[in-house]
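The values are calculated or read from the model by the stated rules, or taken from the named source; none is laboratory data. What you see is a predicted model; the values in this text were computed from it and never measured. Using ideal geometry, Cβ is built from the backbone for each residue, glycine included, and neighbour counts are taken over all protein chains shown.
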Ligand SMILES: [Zn+2]
């Protein structure tokens, strides 16, 4: 795992934890320790919600092999940029 996690002070780690909540169930997420799915650098899904949204996690590979669906609308309904 990332080394920077271990050099942070307890207070910094606490603040770091508070930065991330599951965008679905609002439970706190520690991206370095939880199997959270990064929707974006600021948005995470917890493991349970990511799986519920169709994500597939490979414990052997230690990575998501299928991304959960994170949009509320089907892609084709989104306005094109
Ligand atoms: Zn969740």
_Residues of region 40-62 satisfying the condition of being under 10 Å from residue 22 (Cβ atoms) and assigned to a strand (DSSP E or B)_ = 43, 44, 45
_I want to confirm something. Restricting to region 19-28 and keeping residues that are in contact with a strand residue (DSSP E or B) (Cβ under 8 Å, 6 or more places away or on another chain) and more than 8 Å from the ligand (Cβ to nearest atom), which single residue is nearest to residue 53 (Cα to Cα)?_
21
*Does residue 52 satisfy the criteria of being within 15 Å of the ligand (Cβ to nearest atom), modelled with pLDDT of 90 or more and crowded, with 17+ Cβ neighbours inside 10 Å?*
no
*Give me a count of the residues in region 55-67 that are within 15 Å of the ligand (Cβ to nearest atom) and surrounded by fewer than 11 Cβ atoms within 10 Å (Cβ to Cβ).*
0
*Residue by residue through region 29-39, note down the ones that are near the ligand (Cβ under 10 Å from one of its atoms) and more than 13 Å from residue 62 (Cα to Cα).*
29
